[in-house]
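Trainee: Below is one structure. I have some questions about it.
The values are calculated or read from the model by the stated rules, or taken from the named source; none is laboratory data. Note that the structure is a prediction, hence the values are computed from the model and not measured. As a convention, Cβ positions derive from the backbone with ideal geometry for all residues, glycine included, and neighbour counts pool all protein chains shown.
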């Protein structure tokens, strides 16, 4: 895959019930919705790319400010 990417931070999102990781990805892999694998302490986990700053991960009542 070329250069390895890396995660900068991880936190649990209790509202969505999932872990959220911020990471640097090469542009070809940074497409929203893309499925990837992350290795953490020798174990592999499935992840899905979500765009930062484009839309919230959770907004059930459409409260996100409109531009």
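Trainee: Tell me which residues, restricted to region 39-67, are within 18 Å of residue 7 (Cα to Cα) and either at pLDDT 85 or above or exposed (fewer than 10 other Cβ atoms within 10 Å of the Cβ) (or both).
Mentor: 39, 41, 42, 43, 44, 45, 46, 47, 48, 49, 50, 53
Trainee: Sticking with this structure for a sec: State whether the residues of region 29-37 include one that is modelled with pLDDT under 85 and exposed (fewer than 10 other Cβ atoms within 10 Å of the Cβ).
Mentor: Within region 29-37 (the criterion being modelled with pLDDT under 85 and exposed (fewer than 10 other Cβ atoms within 10 Å of the Cβ)), the answer is no, since none of the residues qualifies.
Trainee: Next question, about the same structure. Run residue 29 past the list (1) under 14 Å from the mean Cα position of the chain (by Cα); (2) closer than 24 Å to residue 59 by Cβ and report the number of the one that doesn't hold.
Mentor: (2)
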